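See below for the structure under consideration.
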Amino acid sequence: MRDQESGPGHPERRLSTREAADLLGVKPDTVYAYVSRGRLSSRRAPGGRGSTFDAQEVEALARRTRREAAGPGGEPSVRTHLTLIDEDRYYFRGVDAVALTARHSYEEVAEWLWTGRLHEGAVFTAPEASVEAARRVADALPEHAGPTERLRVAAVAAAAADPLRFDLSEEAVLATARVLIPTLVAALPPKRHTHRDGDSLAGRLWGRLSGRPAEDAQLHVLDTALGLLADHDLAASTLAVRVAASARAHAYAAVSAGLGVLEGPLHGAAGGLAHRMLLDVLDLGTAGPVIAQELRAGRRIPGLGHRLYAGEDPRARALFALLEEIPEAGPALAAARDIVATAARHAPLHANVDLALAVLTASSGMEASAAETIFAVARTAGWIAHALEEYGERPLRMRPSGHYVGLRPPRPLPG
């Protein structure tokens, strides 16, 4: 429906809600959200049925949102309400993430990311059918399979066991998320059989990462690490999740896409590399030869520097502060400080969260791959939050055009 209404100058073109939504590439509900935020004005349609919108105003908003999507310098950008990184701090839905994770459990942080509401005492549990399907498939993998491979096949198995997986409504996706995360943890092979009903997710995960019993302070560090890592803007794995959600893949498939990217050596493996480096420093008693070997091999020193922070990664700073209260972490902490001080002679790099995770895993009797597992389980919450956002956008919008630079046709058929 387009209305032509007489104005003082020339006729004004009016668009229906559906036409405005199509022009903006959003759902009709989002058009009304723009009105409530003051980005658009509306007028009741003749007869009082629905609203109409000034076509010129809608077109101007469409141009602005396209410019915003291009990002600074023409880089791809995605509008999000989830995480802001600004001046060496980061925020979940406007709340300081470090302060939030200091007061609330990982499950509560996840609920905040998903809904913008705090669910005090939230505990995620999974039905036995989902856990059994995931364990059976994950246990069939070869012994040398990595943790992310186990998590990925567990997500696929859990999806196959859920006949409602294609329901992309917010309520259904949230129900999936609350089941999927504990299912992923349960699919990991246990190091210790100490799980009790009502245990936090961090408590259950600890028993899959370390054969040692956990003190409350150690569980608190692990739980805080999960919360701090829950989301971090558009990392490569998160972008993969949004692409999958844009194609309307269900939540299990979107998380599987994120796990596939996380397994790359330039993403999820960084914590394991920092763990091994830390053990080398502990064995030698000094960081100098270890740093020298990394630089001689032309490798970047793991656990140092982050392109989004000029100073120290706030996640690392928060975890180091908690680790200082744990006597068992003392030697690994000293080794980490030695690494930072030694590397500073070469370049002014600060510790990032991978080095802090390495201190946690190395001092807790965990394998080098434990950091990747912690990262993957934690980030699943953020991936679900981004999938939920993407389900509210126009389908298939994450579809750039290729810039062909090959030989121009027509070419003769190859002989």
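The values are calculated or read from the model by the stated rules, or taken from the named source; none is laboratory data. All figures in this text were calculated on a predicted structure; none of them were measured in a lab. Neighbour counts run over all protein chains shown; Cβ positions are idealised from the backbone, glycine included.
Brief remarks on what is shown
- Qualifying positions in region 141-163 - touching a residue at least 12 places away in the same chain (Cβ under 8 Å), over 18 Å from ILE374 (Cα atoms) and out of contact with any Asp or Glu (no Cβ under 7 Å at 6 or more places or on another chain): VAL156, ALA157, ALA158, ALA159, ALA160, ALA161, ASP162
- Among the candidates SER130, SER200, SER105, SER169, residue that is without any contact (Cβ under 8 Å) to a residue 12 or more places away in the chain and among the small types (Gly, Ala, Ser): SER169
Okay, residues lined up against (1) farther than 20 Å from VAL377 by Cα; (2) modelled with pLDDT under 95:
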| residue | (1), (2) |
| --- | --- |
| PRO147 | no, yes |
| ALA154 | no, no |
| ALA158 | no, no |
| PHE166 | yes, no |
| LEU174 | no, no |
| ALA177 | no, no |
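- Residue list for region 304-337, filter: small (Gly, Ala, Ser) and surrounded by fewer than 22 Cβ atoms within 10 Å (Cβ to Cβ): GLY305, ALA310, GLY311, ALA321, GLY330, ALA334
- Residues (among the aliphatic types (A, V, I, L, M) and closer than 18 Å to PHE166 by Cα) located in region 237-295: VAL241, VAL243, ALA244, ALA245, ALA247, ALA249, ALA251, ALA253, ALA254, VAL255, ALA257
- Any chance ALA371 is touching a residue at least 40 places away in the same chain (Cβ under 8 Å), surrounded by fewer than 19 Cβ atoms within 10 Å (Cβ to Cβ) and not assigned by TED's automatic domain parsing to the domain that holds LEU23: no
- Test: residue in region 334-342 that is within 16 Å of VAL290 (Cα to Cα) and of a type in the set (D, E, K, R): yes
- Residues located in region 338-353, provided they are part of a loop (DSSP other than H, G, I, E, B) and surrounded by 16 or more Cβ atoms within 10 Å (Cβ to Cβ): LEU349, HIS350, ASN352
- Residue that is farthest from the chain's Cα centre (by Cα) [pool: residues in region 1-56 that are of a type in the set (Ser, Thr, Tyr) and at pLDDT below 80]: SER6
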